[in-house]
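Novice: Handing you this structure, nothing more for now.
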Amino acid sequence: AHFPPGPPRYPVLGSYYATIKPGESKPNLFWTIRKFAKDYGSVFGFYLSNTPFVVVTEFEDLKEVLKRDELAARGPNEPGNRFRPGWNTIAKVDPEVNKGRNPGVIGGNGRYWKEQRRFLLRNLRDFGFGKSSMEESLQDEAQKLIKFLKTKSDKPIDLNRTMNISIVNALWGILVGERLELTDPKLLKILTAFDELLRGNNGNSSLARLLPFKSMALWPGFKHWTGFEAARKVFEDLQNFVKPYIDEHSSTLDTDNVRDFMDLMLLEVKNCKDPESSFFGETGHFALFNNMIDLFIAGMETTSSALLWTILYMLHYPDIQARVHAELDEVVGKDRPPSLDDKPNLHFTNAVLLESFRVTSFVPMSVPHYALADIKLRDYVIPKGCVVLPSLFHVMYDEKHFANPKTFHPDRFIDESGHFVDDERVIPFSIGKRYCLGQSLAEKEFFLFFAGLMQQFEFQRVPGAQLPPYSVDEVQVKGILRSAPPFEVILNERQ
Ligand code: HEM
């Protein structure tokens, strides 16, 4: 009775029909939530088959619900969870909240998730998320990218894949202590396949919700149609990619010489004596395996896309680009790369980066949460078993706080004395108990790569070529991400 307002619900389909944009053939969730927010208000609900969804769009409401333990959870992902190595081990810890979930930090709940998240946050930070060793590692990778791009300057180039690999490489170096070649064919294959999957180009996973039994989505007649076969293949490739690193690290593990993050995690599993723990034995081994896959997935497309979007904004606004160049020349000069110590003095550059996060709204509906119990919000009840989509997009495009929200305008974060002013409503990493675990890394990486590239290059439009739009009305959200549209750019080396 207290379910939030929304479209009518019908047997079997729920409100499936209302989530298909006219002229399209499969549900378009981003279009749906923008339309429903206008039709039904700031909290609304609908059903896809018999799964209830609630969308929360106001900042204050999100602050309230995302700090609740009952919503710091993910829902079941059956049968897709079966594509993960050791998929059934997660249910050994806190089975009530972990049955049917993906093993690994992104999909886990309860004790499993708390232990794994705490471990990852603490140790990735110690291993460099925030420390200077991390900065060095990111600097190295940024300089490698700049060197590579200098061989490509003065002619049109699509930066997408190169940027992607460079960013993955920085992360992979921290995790397993090894750098990959920018042209590694295995990695290229995985990145391309995963890109397709994220963009939802391989099928219609929402259709799987309409099947009477979940396992039918894996049947020969359905698995291509629903995209499950493509997902299975990508996870198989990812697994084959990660496994040799685990084998090699296990066989050369030395307690007195911890080489990288993977060593730390292997030691934690080796030393764990508590059979209830998520680090114990086989469960711990597969938690490590899946965490590596999770970090790879989460770190791959995100930061590189943030960079691509920002370069696109620079092409749209050459005057803004010139101001960033001028600031970098004055604060950093040309004889050394920009460092994290420079960041507080680069006011306009910080404003550009924050505005880029805001306008891009890269994960506009966040990663879906799941209600483990009934949750009261205003006069409504978010029922147990409900999928909750926190609309980060609505917060970052709220006209009451951001004038002309669809326009890229970094000066909104600069005060009268020319200083950068942060804004708590720019929440690309979400908020609350489950906020992005890689936020600290991503922010540093974004800054070092962007400032490094801007110090060395001027980004120019390709003469005669149409520059793609950036507006949220024109660039579609595919899957759960708002990836940059493809474009080419000319890199001019700055003197
Ligand atoms: C521009 C870059 C990035 C953006 C915009 C971003 C955004 C997000 C968002 C919106 C979530 C969902 C939070 C929620 O459920 O409420 C998330 C989760 C997560 N992100 Fe990121 N992310 C970025 C980069 C990274 C990087 C570089 C890593 C790791 C190396 C990472 C690792 C994760 C993980 C592990 C989670 C799941 C956390 C959990 O469930 O406890 N992210 N991210």
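Novice: Output the qualifying pairs, or none if there are none: Cβ atoms under 9 angstrom, residues six or more apart or on different chains, first residue in segment 59-70 and farther than 20 Å from Asn109 by Cβ and surrounded by 19 or more Cβ atoms within 10 Å (Cβ to Cβ), second residue modelled with pLDDT of 95 or more and of a type in the set (Asp, Glu).
Specialist: The qualifying pairs are Phe59/Asp398; Phe59/Glu424.
Novice: Follow-up. For segment 71-90, what are the residues that are of a type outside the set (Lys, Arg) and either free of Cβ contacts under 8 Å to residues at least 12 places away in the same chain or within 14 Å of the ligand (Cβ to nearest atom) (or both)?
Specialist: Matches in segment 71-90: Leu71, Ala72, Ala73, Gly75, Asn77, Asn88, Ile90.
Novice: Suppose the filter is away from the ligand (no atom under 16 Å from the Cβ), charged (D, E, K, R), touching a residue at least 40 places away in the same chain (Cβ under 8 Å) and assigned to a loop (DSSP other than H, G, I, E, B); does Lys406 pass it?
Specialist: Against the criterion (away from the ligand (no atom under 16 Å from the Cβ), charged (D, E, K, R), touching a residue at least 40 places away in the same chain (Cβ under 8 Å) and assigned to a loop (DSSP other than H, G, I, E, B)), Lys406 qualifies.
Novice: Residue under question is Leu377, and the condition is that it be within 15 Å of the ligand (Cβ to nearest atom) and surrounded by fewer than 22 Cβ atoms within 10 Å (Cβ to Cβ); does it hold?
Specialist: For Leu377, the condition - within 15 Å of the ligand (Cβ to nearest atom) and surrounded by fewer than 22 Cβ atoms within 10 Å (Cβ to Cβ) - is not met.
Novice: In addition: Which one of Val395, Val367, Val363 is outside any loop (DSSP other than H, G, I, E, B) and β-branched (Val, Ile, Thr)?
Specialist: After applying the criteria, what remains is Val395.
Novice: Being touching a Phe, Trp or Tyr at 6+ places or on another chain (Cβ under 7 Å), near the ligand (Cβ under 8 Å from one of its atoms) and not in a loop (DSSP other than H, G, I, E, B) is the filter here; which residues of segment 411-463 pass it?
Specialist: The answer is Gln439, Leu441.
Novice: Something else now. Does Ser391 fit the bill of being buried (at least 18 other Cβ atoms within 10 Å of the Cβ), within 15 Å of the ligand (Cβ to nearest atom) and within 30 Å of Glu135 (Cβ to Cβ)?
Specialist: no
Novice: In segment 355-372, how many are out of contact with any Leu (no Cβ under 9 Å at 6 or more places or on another chain), more than 8 Å from the ligand (Cβ to nearest atom) and either closer than 17 Å to Phe59 by Cα or at pLDDT below 95 (or both)?
Specialist: Residues flagged as out of contact with any Leu (no Cβ under 9 Å at 6 or more places or on another chain), more than 8 Å from the ligand (Cβ to nearest atom) and either closer than 17 Å to Phe59 by Cα or at pLDDT below 95 (or both) within segment 355-372 amount to 2.
Novice: Return only the number of the condition from (1) modelled with pLDDT of 90 or more; (2) buried (at least 17 other Cβ atoms within 10 Å of the Cβ); (3) closer than 30 Å to Leu372 by Cβ that Leu145 does not satisfy.
Specialist: So Leu145 meets the others, but not (3).
For every residue, the table says whether it meets (1) more than 30 Å from Gln239 (Cα to Cα); (2) within 16 Å of the ligand (Cβ to nearest atom); (3) buried (at least 22 other Cβ atoms within 10 Å of the Cβ).
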site	(1), (2), (3)
Ile297	no, yes, no
Thr303	no, yes, yes
Ala306	no, yes, yes
Leu312	yes, yes, yes
Ala326	yes, no, no
Pro337	yes, no, no
Asp341	yes, no, no
Pro344	yes, no, no
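Novice: Does at least one position in segment 111-125 carry a residue that is at pLDDT 95 or above, on the phi > 0 side of the Ramachandran plot and either in contact with a Phe, Trp or Tyr (Cβ under 6 Å, 6 or more places away or on another chain) or part of a helix (DSSP H, G or I) (or both)?
Specialist: no
Novice: Considering only residues that are surrounded by fewer than 18 Cβ atoms within 10 Å (Cβ to Cβ) and of a type in the set (A, V, I, L, M), look in segment 231-263 and name the one that is farthest from Leu218 (Cα to Cα).
Specialist: If we take residues in segment 231-263 being surrounded by fewer than 18 Cβ atoms within 10 Å (Cβ to Cβ) and of a type in the set (A, V, I, L, M), then Val258 is farthest from Leu218 (Cα to Cα).
Novice: Got a number for residues in segment 415-453 being more than 18 Å from Phe348 (Cα to Cα) and among the small types (Gly, Ala, Ser)?
Specialist: Number of matching residues: 5.
Novice: Every residue in segment 253-285 that is in contact (Cβ under 8 Å) with a residue 12 or more places away in the chain and either polar (S, T, N, Q) or within 16 Å of the ligand (Cβ to nearest atom) (or both), please.
Specialist: Result: Thr255, Asp260, Phe261, Met262, Leu264, Met265, Ser277, Ser278, Thr283.
Novice: Here is a follow-up. Could you list, in sequence order, all residues of segment 250-289 that are assigned to a loop (DSSP other than H, G, I, E, B) and aliphatic (A, V, I, L, M)?
Specialist: Correct list: Leu253, Val258.
Novice: Looking only at segment 154-164, filter to residues that are in contact with a helix residue (DSSP H, G or I) (Cβ under 9 Å, 6 or more places away or on another chain) and surrounded by fewer than 22 Cβ atoms within 10 Å (Cβ to Cβ); which one of those is nearest to Trp309 (Cα to Cα)?
Specialist: Within segment 154-164, the match that is nearest to Trp309 (Cα to Cα) is Asn160.
Novice: Follow-up question, since we're still on this one. So the check is Cβ under 6 Å with 6+ separation or different chains; which pairs have a first residue in segment 438-452 that's closer than 18 Å to Leu175 by Cα and a second one that's of a type in the set (A, V, I, L, M, F, W, C) and more than 7 Å from the ligand (Cβ to nearest atom)?
Specialist: Ser440/Phe129; Leu441/Phe129; Glu445/Leu138
Novice: Residues Val43, Val54: which one is surrounded by 14 or more Cβ atoms within 10 Å (Cβ to Cβ), farther than 30 Å from Pro95 by Cα, of a type in the set (Val, Ile, Thr) and touching a strand residue (DSSP E or B) at 6+ places or on another chain (Cβ under 7 Å)?
Specialist: None of the other options fit; the residue is Val43.
Novice: Another question, then. Which residues, counting only those in segment 31-60, are touching a Pro at 6+ places or on another chain (Cβ under 8 Å), more than 16 Å from Val363 (Cα to Cα) and either of a type in the set (Val, Ile, Thr) or not in a helix (DSSP H, G or I) (or both)?
Specialist: Gly41, Val43, Phe44, Gly45, Phe46, Leu48, Pro52, Val54
Novice: Cβ contacts < 6 Å: first residue among the acidic types (Asp, Glu), restricted to segment 227-252; second residue part of a helix (DSSP H, G or I) and surrounded by 15 or more Cβ atoms within 10 Å (Cβ to Cβ), any location; separation 6+ or different chain. Result?
Specialist: Glu229/Lys223; Asp237/Ile190
Novice: I would also like to ask the following. Of all the residues that make up segment 291-341, how many are at positive phi and at pLDDT below 95?
Specialist: Qualifying residue count for the region: 0.
The values are calculated or read from the model by the stated rules, or taken from the named source; none is laboratory data. Predicted model, so just to flag it, every value in this text is computed and none were measured. Ideal geometry is used to build each Cβ from the backbone, glycine not excepted, and the neighbour counts take in all protein chains shown.
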